[in-house]
Amino acid sequence: DIDTLDRRLSPVAILANPGTDGYIDLINGPQDWSCCFGYACQKRVSNFYSIIATDMMYEIHLTSTPPIHMRYRLKHNDGGNPVLLKIYFPKPQRIDIFVGDRFVAPNNIDLTSESFAMLPADD
């Protein structure tokens, strides 16, 4: 995004295993890297690192408006164990998902309806 260095997304909340046994990780991100010491000119890269387990569900909430482009990486998962990410967006709109260069078709849209209709969550 054009304001990627100026807009503050953190803290980013990652809720693991939602429910009574769940826990939350609040990630703050890197500090200001500009040469200015005033608040108005702070520059922050929006990189957030967390350690997660596979075969679990996580809910991700951002403090600010979500950026247009986001990338998630799961390193060292050679076995291909899955992780379910649920990302909160304040406005319901179409979100296109790609794995590498491959488009992943949505599974929460009623394709039999003539108008745009979302299916209820199945979790």
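The values are calculated or read from the model by the stated rules, or taken from the named source; none is laboratory data. Worth saying up front: this structure is predicted, and the values here are computed from it rather than measured. Accessible surface is based on the protein model in full, side chains and every heavy atom, while ligands, DNA and RNA are left aside. Shrake-Rupley method; radii C 1.70, N 1.55, O 1.52, S 1.80 Å.
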### Message
residue 15 - would you say it is open to solvent by less than 60 Å² (accessible area, probe 1.4 Å), at pLDDT 70 or above, of a type in the set (A, V, I, L, M, F, W, C) and in a strand (DSSP E or B)?
### Response
yes
### Message
Being open to solvent by 90 Å² or more (accessible area, probe 1.4 Å) and at pLDDT 85 or above: is that true of residue 39 here?
### Response
no
### Residues that are part of a loop (DSSP other than H, G, I, E, B), open to solvent by less than 90 Å² (accessible area, probe 1.4 Å) and charged (D, E, K, R), drawn from segment 57-97
96
### Task
Tell me which residues, restricted to segment 98-120, are part of a loop (DSSP other than H, G, I, E, B) and open to solvent by less than 90 Å² (accessible area, probe 1.4 Å).
100, 105, 106, 108, 110, 113, 115, 117, 119
